[in-house]
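Scroll down for the structure; my scribbles are underneath it.
The values are calculated or read from the model by the stated rules, or taken from the named source; none is laboratory data. What you are looking at is a predicted structure, and each value in this text was computed from that prediction instead of being measured. Virtual Cβ from ideal backbone geometry, glycine too; neighbours counted across all protein chains shown. To get the accessible areas, we keep the full protein, side chains included, count just its heavy atoms, and leave off ligands, DNA and RNA. Shrake-Rupley method; radii C 1.70, N 1.55, O 1.52, S 1.80 Å.
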Amino acid sequence: MANTHVNPTRMELTRLKKKLITAMRGHKLLKDKRDELMRQFLDLVRENKTLREKVERGIEAANKNFVLARASMQDETLNAALLSPKQEVSLESGIRNVMSVEIPVFECKTRTSDPNDIYSYGFAFTSSDLDDAVYSLSEILPDMLRLAECEKSCQLMAAEIEKTRRRVNALEHVMIPEMQESIKYITMKLDENERSTQIRLMKVKDMMLQQAHHYREKAIEQ
């Protein structure tokens with residue numbers, strides 16, 4: 001519905017036309033942003049599903065190996081073997097900008113590069129099941145970090161997609177139609193005023209012609 005409170009002037013018409021062009025350009029950009037966010041969001045969701053299944057399988061395997069190790073080892077020996085870890089892991093977090101969405105990036109670094117440093121015990125009094133459990137956990141650590149990245153990124157991108165979708169809908173169904181109706185209303189008013197002005201000018205011209213004709217008639221009679 002057109003805004004009847006708008007001032008029907010040419011200046012207002014020019015302002016609304018410029019505003020409409022800007023709104024339509026912004027609408028296109030927001031639609032492109034929404035579509036690209038949806039594409040990347042779906043890629044992340046698929047990756048998240050694959051990683052979660054992989055991590056759950058790894059944790060399940062590690063738990064089974066820990067159960068076997070506990071069954072074949074004394075509790076004191078198992079606790080002593082895991083009491084003093086040899087390897088240290090540090091986590092660094094960063095931010096990556098994806099379509100104006102800041103998503104987290106995690107990177108883990110170990111104190112040493114020796115892969116055998118994950119075992120903090122000697123192999124004389126421990127079972128191979130404990131070795132397999134520790135190895136399984138060390139192998140799935142990067143996938144767990146990547147899974148955390150994906151899940152948090154999915155949450156942030158889903159919120160941004162919803163926000164962008166609302167903006168697109170507001171422009172497409174509210175703001176742009178209202179501006180188009182206002183432009184149409186002003187154009188009709190200006191055309192109506194122009195026709196009224198032309199009619200008045202024509203009437204004035206006719207009156208002037210009639211007066212001039214009467215003057216000529218009077219001059220002839222004299």
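Quick notes on this one:
- Counting only heavy atoms of the protein chains and using a 1.4 Å probe, Arg146 has close to 70 Å² of accessible surface.
- Between helix 128-170 and the chain: long-axis angle, C-alpha atoms, 0 to 90°, nearest 10: 10 degrees
- For the pair Leu29 and Phe125 in one chain, pulling the backbone fully straight at 0.36 nm per residue adds 28.0 nm over the alpha carbon distance.
- Across all Cα atoms of the chain, the radius of gyration (one decimal) and Dmax (whole number) stand at 38.8, 144 Å.
- Angle in degrees between helix 176-221 and the longest Cα principal axis of the chain, rounded to the nearest 10: 10 degrees
- Ligands, DNA and RNA aside, Asp206 has an accessible area near 80 Å² when probed at 1.4 Å.
- Taking the C-alpha atoms only, the angle from helix 10-72 to the longest principal axis of the chain is near 10 degrees.
- Residue pairs, from the table Lys17/Lys163; Lys49/Lys152; Lys18/Lys184; Lys33/Lys163; Lys33/Lys152, whose Cα atoms sit over 18 Å apart: Lys17/Lys163; Lys33/Lys152
- Taking the square roots of 5 times each eigenvalue of the Cα gyration tensor of the stretch 105-219, largest first, gives ellipsoid semi-axes of 93, 12, 5 Å.
- The listed residues Glu102, Glu192, Glu151, once ranked by accessible area (1.4 Å probe) with the largest placed first, stand as Glu102, Glu192, Glu151.
- Normalised by the number of residues in the stretch 71-160, the mean separation of alpha-carbon contacts (under 8 Å, six or more apart) gives a relative contact order of 32 percent.
- Cα-projected label distance for Glu192 with Lys19, points at 7 Å along beta-carbon direction, nm: 2.0 nm
- The relative contact order of the stretch 88-222, computed from alpha carbon pairs under 8 Å that lie at least 6 residues apart in sequence, is 18 percent.
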